[in-house]
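Before any comments, here is the structure.
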Amino acid sequence: MKIRKGCIVLGLLGLLTACGKNLDGVYKDDLGLQKYEFHSNGNVYVSTMGITRESTYVLEDKKVKITSDGETIIYDLNEDGTIKGPLGMTLRPAQDQAK
């Protein structure tokens with residue numbers, strides 16, 4: 001029984017590791033002023049008050065590094081799936097905000 005549980009845990013960890021390399025989906029701030037549309041190919045579209053910029057991102061050690069025009073901003077990827085940005089901004093998955 002312990003071997004079976006160990007195999008299940010290792011399998012789940014493998015899935016989490018494989019899925020953790022890219023984000024995919026829309027994240028918004030609590031005020032609705034910013035929207036980040038992440039694609040699994042490493043592109044992210046950042047919209048602020050109607051202006052959208054195409055950027056790239058990478059995930060490294062629970063950090064989301066977004067690069068645009070040669071400038072990189074580092075965000076924290078929280079355990080609950082939210083993203084903590086500059087000045088305390090929190091981005092949440094858009095489907096969570098619809099509830």
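Residues of segment 19-27 include none that is open to solvent by 70 Å² or more (accessible area, probe 1.4 Å) and either in a strand (DSSP E or B) or more than 18 Å from P93 (Cβ to Cβ) (or both). Selection of segment 47-83 for residues being within 15 Å of L31 (Cα to Cα) and surrounded by 14 or more Cβ atoms within 10 Å (Cβ to Cβ) yields S47, T82, I83.
Please determine, by comparing only the residues of segment 84-99 that are among the hydrophobic types (A, V, I, L, M, F, W, C) and within 16 Å of L33 (Cβ to Cβ), which one is least open to solvent (accessible area, probe 1.4 Å).
It comes out as L91.
The values are calculated or read from the model by the stated rules, or taken from the named source; none is laboratory data. As the structure is a prediction and not an experimental result, all values here were calculated from the model. All Cβ positions, even for glycine, are placed from backbone atoms using ideal geometry, and neighbour counts span all protein chains on display. Protein only, heavy atoms only, side chains kept; ligands, DNA and RNA dropped before computing areas. Shrake-Rupley method; radii C 1.70, N 1.55, O 1.52, S 1.80 Å.
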